[in-house]
């Protein structure tokens, strides 16, 4: 087996030609506003209602606002790289497609396999979280589901009916068309942002200046984890993270970074955008900027309403309003979180199906899944297949074990995209780039280093599970993908492209 075949690249021109084939052509219906709404819709989830207070109490104090700024800057480094790639290669598949054009077929397969895991588990985890909020609202209204239909809890086996139903309904919306999906998302995001803005504005009237003292609490050492639950950086270097103090801000940034996960999914919709060269960079960077501002504002409000040592870790923002005698706003926050999670699920499911579609169109997965619906112009076969699988996973998922796999998958994609920008600049300096990442190679290198640092803060157990998934991916590639590769068959027949 020649290493050349494993690292053969698919030219940008060939990728774009593939999008013009009628049976594989996705319908173009999105604008920069649609993409920005998608970005905000997937980034703003329970993190803004829960993570802000939890990290303030346990890791950074009121300086959690600075941790969000640091995490936003790390994401901005990756976002600049995504924006250049998406405007240069406006094809479905995001990091998978970018890798195929710069690093080669095997790295592209690896990142595609990684993205499928990231988005499938992410969607399942969020669906389970949504189910919990809805059951809580149902209980308040006096309606109760049988225990066996509320999922697996405390070692007792069960099926989460609400989580599965949500995924199946969203699957049907995605099959019916991207414009419908964007309209549904726009309505839900409007509700979610209204709740967030009300929280910020109303909460500002209950801020007490003394709650910000000390803004950066004195540093404290931590014991770290044990065995496989310890962060990888602790096992390799013996370094345990500190909490509070200046270094606590960076420790907090490694945690709150995960509240930003999702902006990269905007790139998966590049092929369905009217003017991707202009609109995709706007959607990626615009959604990231909006969400960073909102995160900082909410963290300033919650630490001003209640001293960080008194914040609860389960529902800190809602409990902060209860502490000042306003339970109505606490209920509104819970409603906003439940509504908001529907868009997170929808967009993760959308991103996953587009990656699967792109890999199928390239022959690395069965090509039957790259057929688009004659009326709706969507990859309906892959959408239905993945929707059913995720619905089943969501029904039986225990979210604690799988959540960190989503994080490591995202960071791995960030590393690959940043390296791809450097390589494609050297390999194809002639390509038209309507958006150019500034200060190349400095920005991509900083993005790689920042992502690797955050990955090292994840547990060894998470790395092990991720490694098992990657080994399965290698096996599938060599058993199927390599021999069915459309690019490989074209090379064998002597044709430059389809």
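The values are calculated or read from the model by the stated rules, or taken from the named source; none is laboratory data. Nothing here was measured: the structure is a model prediction, and the numbers come from that model. So basically every Cβ, Gly included, is an ideal-geometry build from the backbone, and we count neighbours across all protein chains shown.
Observations on the structure shown:
- Within the set 231, 281, the sole residue that is buried (at least 16 other Cβ atoms within 10 Å of the Cβ) and closer than 25 Å to residue 83 by Cβ turns out to be 281.
- Verdict on residue 201 being crowded, with 17+ Cβ neighbours inside 10 Å and at pLDDT 85 or above: no
- Selected residue [surrounded by 21 or more Cβ atoms within 10 Å (Cβ to Cβ), assigned to a helix (DSSP H, G or I) and out of contact with any strand residue (DSSP E or B) (no Cβ under 6 Å at 6 or more places or on another chain)] from 386, 452: 386
- Scanning segment 349-380 for residues that are more than 14 Å from residue 485 (Cα to Cα) and more than 24 Å from the chain's Cα centre (by Cα) returns 371, 372, 373, 374, 375, 376, 377.
- Meets criteria (in a helix (DSSP H, G or I) and either closer than 30 Å to residue 227 by Cβ or at pLDDT 90 or above (or both)) for residue 487: no
- Selection count, segment 312-323, where residues are crowded, with 16+ Cβ neighbours inside 10 Å and in a loop (DSSP other than H, G, I, E, B): 2
- Given (1) more than 26 Å from residue 29 (Cα to Cα); (2) modelled with pLDDT of 80 or more; (3) out of contact with any helix residue (DSSP H, G or I) (no Cβ under 9 Å at 6 or more places or on another chain), index of the condition residue 418 fails: (3)
- Within segment 205-235, the set of residues being in a helix (DSSP H, G or I) and under 30 Å from the mean Cα position of the chain (by Cα) comprises 227, 228, 229, 232, 233, 234, 235.
- Unique match (being farther than 30 Å from residue 357 by Cα, at pLDDT below 90, assigned to a helix (DSSP H, G or I) and touching a helix residue (DSSP H, G or I) at 6+ places or on another chain (Cβ under 7 Å)) among 254, 270: 254
- When we screen 415, 421, 440 for residues that are closer than 23 Å to residue 118 by Cα and either within 17 Å of the chain's Cα centre (by Cα) or not in a helix (DSSP H, G or I) (or both), the only hit is 415.
- Residue satisfying all of: in segment 84-95; at pLDDT below 90 and assigned to a helix (DSSP H, G or I); nearest to residue 266 (Cα to Cα) among these: 86
- Criterion applied to 245, 209 was being out of contact with any helix residue (DSSP H, G or I) (no Cβ under 7 Å at 6 or more places or on another chain), surrounded by 14 or more Cβ atoms within 10 Å (Cβ to Cβ), in contact (Cβ under 8 Å) with a residue 12 or more places away in the chain and closer than 19 Å to residue 309 by Cβ, and the one residue passing it is 245.
- Filter pass, residue 466 being surrounded by fewer than 17 Cβ atoms within 10 Å (Cβ to Cβ) and either modelled with pLDDT under 90 or more than 26 Å from the chain's Cα centre (by Cα) (or both): no
- Residue match in segment 321-340 (condition: modelled with pLDDT under 85, farther than 21 Å from residue 86 by Cα and under 16 Å from the mean Cα position of the chain (by Cα)): yes
- Whichever residue in segment 6-53 is at pLDDT below 75 and part of a helix (DSSP H, G or I) and, among such residues, is surrounded by the fewest Cβ atoms within 10 Å (Cβ to Cβ): 22
- Which numbered condition residue 81 misses (of (1) within 18 Å of the chain's Cα centre (by Cα); (2) surrounded by fewer than 24 Cβ atoms within 10 Å (Cβ to Cβ)): (2)
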